[in-house]
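Read the structure below first, then the notes.
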């Protein structure tokens, strides 16, 4: 195993992770704060037999990586909020056609142009529900530069295993922060399953995932964003075909949600539990170090599909305290799976939570009776 | 390979209305592909959304039916990852010039080695005949009930200005010339843009006194002016009569293309 | 070779009647299998491709087949061979 230690910012670590995972095609459009990923890919890819292309907009970026994915490459794009909004159309297409792609969203303050150079976590629901219709995706959330590297590799493996768009929902803090990172070159790679001879292009295997008919391998397949039957041909009139297709596409991810789950559970016997992902995890960890053995902590490295069973680990929980850099997007998801009171600690504007603020929220949590309480910092 | 093998026989007859020109354009494209002796596994058809874009569903090779206007962006991805693949894009006038206008000019600017067959039927056919950026001035459509009061695009001039290596326009009446043009387009490296004026008797013709497909074909025969004749007329100071349009090969040049293998 | 119209595919647009240089296709009067009025063939033995495809080893003319938007026109081998009397019209 060759390992190299470096001191990089999160975006560069992400690009290095993608290259280690075998990504050989990147299409992107410049946007703060994700541009370093495109810059690094532009410098690195041509030297290792890959292709970098700067597209005319984010709509085209996603379109190009979907095309590239069907041509057989592991493909990726990187963007931030406004570009992410533009991508929604083709994200739905990727979900419907079950195309493995990886999209990095280095989140910034929104809506609209918002705060280009400040961190936020405001796109968490958009990445899950942004495109129209019912579908399911996988979203990861890194909280350190090392995780930017490791989770990017993971994202490619999940995309190929589940044939779905996978999002790495980083934020500006993680993207621009420099930390020590170890860059492994021989990471685990789970390749996509190629379509077998005689197998129908959209017929599921035992995991609900069809084989992938790479273009140019003589499969002669037709891929369409229309409702399609198992042979891949459009079949838009039949309610039965549509329901079967959508239920399978959602089920292939949602039925495996606890297999996909990747969480850290700390102090499961505690009464007051912090749930966090991304940058706020760092503050929670600081608090846990400052006052050990007091609070529990659930860190979500994979946010979507939501790992509901991990909530059951906290047997004595009296309240869940959820610091987020948005107005409580994941808190509402937690609400769906628990009757334990929830304290949301939203913080907007780009600054991270401080340990003192979280401590204050934990004090409020001791008194709550309502299902959902917001702590105004 | 036989010409018949290029059709997905299990999908025919297709969904197009009686008299629709899209089937003719499909014939010409597949004929060009067959004449060049391409193999199925190295040919990819990509299309956007609309009547024209359903064509990729009837071609027997890998085909990608994508989102509205974005076919060229998808094709860019396929071509850059597999440069030896012959990528043919079916698109329509609305798909290519309205919602996909940006992708179109940028694909031309990049001069990526694709062949774009733009089926221009003057309207949005699949949604029932609304005006498009290529609807002729004064034509009646469902969204221009008092006549189109905006000027149409000249897609060939647009492609030429944006940098395409091969640009031609024919109609669905000129099947031999069209086949030849698509063939040339496939042979010329870089972006080849072939605009095909086709008839939509159902949505365009019926509102513009050409209810029958044969009437629209007569209109093409009368109004299409060969480029050589048009050039001669222009030199003699005679402008193009209103309602007429020029057909022929407009551009064939060898600017450096993108997405072509080094060895080529 | 014999010229045939597949009446499961033909949608009766009569485009073939416009393009055949010999005027072999004529507008029909009776509906075919799917209810469309299918064109009729007038002395199809005049068709160049019918007579000469085998001789030249490639397709000749083919305007009707290329134009037919519904892929309904094709040539089939006659089994058994039927001799045709070719009437030359002056």
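The values are calculated or read from the model by the stated rules, or taken from the named source; none is laboratory data. Note that the structure is a prediction, hence the values are computed from the model and not measured. Note that we place each Cβ from the backbone using ideal geometry, even for glycine, and neighbour counts take in every protein chain shown.
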Count of residues meeting criterion [at negative phi and at the interface with chain B (Cβ under 7 Å from one of its Cβ atoms)] in segment A:58-74: 11
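May I ask you to list the residues in segment A:313-336 that are assigned to a loop (DSSP other than H, G, I, E, B) and within 15 Å of residue A:141 (Cα to Cα)? Quick ask: steps written out before the conclusion?
Our first condition is that a residue be assigned to a loop (DSSP other than H, G, I, E, B); within segment A:313-336, this holds for A:314-318, A:325-328, A:336.
Matches in segment A:313-336: A:325, A:326.
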Scanning segment B:85-104 residue by residue, the ones that are within 8 Å of chain A (Cβ to nearest Cβ) and out of contact with any strand residue (DSSP E or B) (no Cβ under 6 Å at 6 or more places or on another chain) total 2
Of all residues in segment A:285-312, count the ones that are free of Cβ contacts under 8 Å to residues at least 60 places away in the same chain, in a loop (DSSP other than H, G, I, E, B) and within 30 Å of residue A:250 (Cβ to Cβ). 2
Can residue A:284 be described as away from chain B (no Cβ under 14 Å), in contact with a strand residue (DSSP E or B) (Cβ under 6 Å, 6 or more places away or on another chain), farther than 30 Å from residue A:93 by Cα and modelled with pLDDT of 95 or more? yes
Checked against (1) away from chain C (no Cβ under 14 Å); (2) crowded, with 19+ Cβ neighbours inside 10 Å; (3) part of a loop (DSSP other than H, G, I, E, B), residue B:173 satisfies every condition except (1)
Given (1) more than 28 Å from residue B:212 (Cα to Cα); (2) under 12 Å from the mean Cα position of the chain (by Cα); (3) part of a loop (DSSP other than H, G, I, E, B), residue C:22 misses just (1)
Of all residues in segment C:54-76, count the ones that are outside any loop (DSSP other than H, G, I, E, B), within 14 Å of the chain's Cα centre (by Cα) and over 21 Å from residue B:214 (Cβ atoms). 3
Could you please let me know if residue C:79 is surrounded by 15 or more Cβ atoms within 10 Å (Cβ to Cβ) and over 13 Å from the mean Cα position of the chain (by Cα)? no
Collect the residues in segment C:25-53 that are assigned to a loop (DSSP other than H, G, I, E, B) and farther than 28 Å from residue B:200 by Cβ, keeping them in residue-number order. C:42, C:43, C:47
In segment A:203-222, the residues that are within 14 Å of chain B (Cβ to nearest Cβ), touching a helix residue (DSSP H, G or I) at 6+ places or on another chain (Cβ under 6 Å) and on the phi < 0 side of the Ramachandran plot: A:215, A:222
For segment B:28-44, how many residues are more than 13 Å from the chain's Cα centre (by Cα), touching a residue at least 40 places away in the same chain (Cβ under 8 Å) and either at the interface with another protein chain (Cβ under 7 Å from one of its Cβ atoms) or under 17 Å from residue A:226 (Cα atoms) (or both)? 3
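Could you tell me whether any residue of segment A:114-131 is closer than 20 Å to residue B:66 by Cβ, within 14 Å of chain B (Cβ to nearest Cβ) and touching a residue at least 40 places away in the same chain (Cβ under 8 Å)?
Yes, the conditions are met somewhere in segment A:114-131.
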Within segment A:25-47, count every residue that is within 14 Å of chain B (Cβ to nearest Cβ) and either surrounded by fewer than 24 Cβ atoms within 10 Å (Cβ to Cβ) or modelled with pLDDT under 95 (or both). 4
When you check residue C:31 against the structure, is it exposed (fewer than 15 other Cβ atoms within 10 Å of the Cβ), on the phi < 0 side of the Ramachandran plot and modelled with pLDDT under 90, yes or no? yes
So which helices (runs of 4 or more DSSP H) are wholly in segment A:96-195 and hold at least 1 residues that are closer than 15 Å to residue A:84 by Cα? A:124-129, A:172-176
Counting only residues that are more than 14 Å from chain B (Cβ to nearest Cβ) and either part of a loop (DSSP other than H, G, I, E, B) or more than 26 Å from residue C:88 (Cβ to Cβ) (or both), how many does segment C:1-19 have? 1
